[in-house]
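Report on the structure given below.
We did not get these values from a lab; they are worked out from the coordinates using the rules stated. Fair warning: this is a prediction, and the values are worked out from it, not measured in the lab. Cβ sites come from the backbone with ideal geometry, for glycine too, and all protein chains shown count toward neighbours.
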Amino acid sequence: MSKALDQYVDLMIRCVANTIYKDPSNMSVLRGRAAYSEHERTLGRDWPLIAHTMIGVKRLRSLADQVIEVVENDIPGDFIETGVWRGGACALARGVFNAMEAAERKVYLADSFEGLPAPSPDIYPDDLGMQFHTYEPLAVSEDLVKDTFKAYGLLADNVVFVKGWFKDTLHLIDAEQFAIVRLDGDMYESTIQAIEALYPKLSVGGYLIVDDYGMIKACRKAIHDYREAHGIAEEIVNIDDVGVYWRKLA
């Protein structure tokens, strides 16, 4: 990696995670403390008040490294994230693609842009009792996510918004291949629907990333159910005790 690219990636990560101005987390504001924790921001354990992502510096660095690797090794395909919040991770991927003169690769943002669905425990019993659909900070509109891309000068035709529930949208995406698939749906339902629709399109040598694998049991179970059903044996690599990934080898 060139020094200029490394400096650009580092600056993008600092910006999307807002380790520069150190905004407090939503939870600390609600508790009356308005505190910023460098440790929590590094590990993605807070919900930032202003920052464009909540996935943390370690997961952002891992993502950037994977984007660089698929370009350098000519792994074919685009990038998609399912569950984008304010769009910071996708903006990072778009910025790195552009910096590496790979603007032809598209970045897909799949989200309801209305928050998470209410659980359907009759179909997905592992989601019983989940309340993510009631968490207002998780509902970020498409316009606000577009504003994130505008802030970095990255909103263009190679940024594709896929609006709706995953069960209605992901199987209709016209991309032939993905080099990186990043799942951030939290629930069993959102995770299993995303991996079922997208993993068959993941290129050999590409990366499947799962956010919240180490924190949400239902998400983790969906991943293991899919891997077992399809005989996937690639090693799951831990990033920060929350996010994980594996590289598709076959």
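Values computed for the structure shown
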{"item": "Sorted by Cβ density within 10 Å, fewest first, the residues Asp168, Asp212", "result": "Asp168, Asp212"}
{"item": "Rg to Rh quotient for the chain, alpha carbon positions, Kirkwood Rh", "result": "0.94"}
{"item": "P(r) weight above 17 Å for the range 159-250, C-alpha pairs, percent", "result": "46"}
{"item": "By average C-beta atoms within 10 angstrom, highest first, the peptides 225-232, 110-117, 237-244", "result": "110-117, 237-244, 225-232"}
{"item": "Rounded to the nearest 20 debye, dipole of the range 1-61 from Cβ charges on Lys, Arg, Asp, Glu", "result": "100"}
{"item": "Potential lengthening between Asp174 and Met1 on full extension [0.36 nm per residue; Cα-Cα distance subtracted]", "result": "59.1 nm"}
{"item": "Residue order, fewest to most surrounding Cβ atoms within 10 angstrom, among His171, His52", "result": "His171, His52"}
{"item": "Cα-centred dipole magnitude for the chain, charges only on beta-carbon of K, R (+1) and D, E (-1), debye, nearest 20", "result": "620"}
{"item": "Whole-number percent relative contact order across the chain, with pairs defined as alpha carbons under 8 Å at least 6 apart", "result": "17"}
{"item": "Under the Karplus curve 6.51 cos²θ - 1.76 cosθ + 1.60, θ = phi - 60°, whole-Hz ³J(HN,Hα) for the range 35-52, x wherever Gly or Pro sits", "result": "9, 10, 10, 4, 4, 5, 5, 5, 8, x, 9, 10, 10, x, 6, 10, 3, 7"}
{"item": "Lysine pairs within the range 92-225, Cα separation less than 17 Å, 8 or more sequence positions apart or different chains", "result": "6"}
{"item": "Potential extension, Asn73-Tyr135 segment - 0.36 nm per residue separation minus Cα distance", "result": "18.3 nm"}
{"item": "For the range 101-185: relative contact order, % (alpha-carbon pairs under 8 angstrom, 6 or more apart)", "result": "39"}
{"item": "Dipole axis of the chain (+1 Lys, Arg; -1 Asp, Glu on Cβ), positive-most option in Ala34, Gly164, Phe97", "result": "Ala34"}
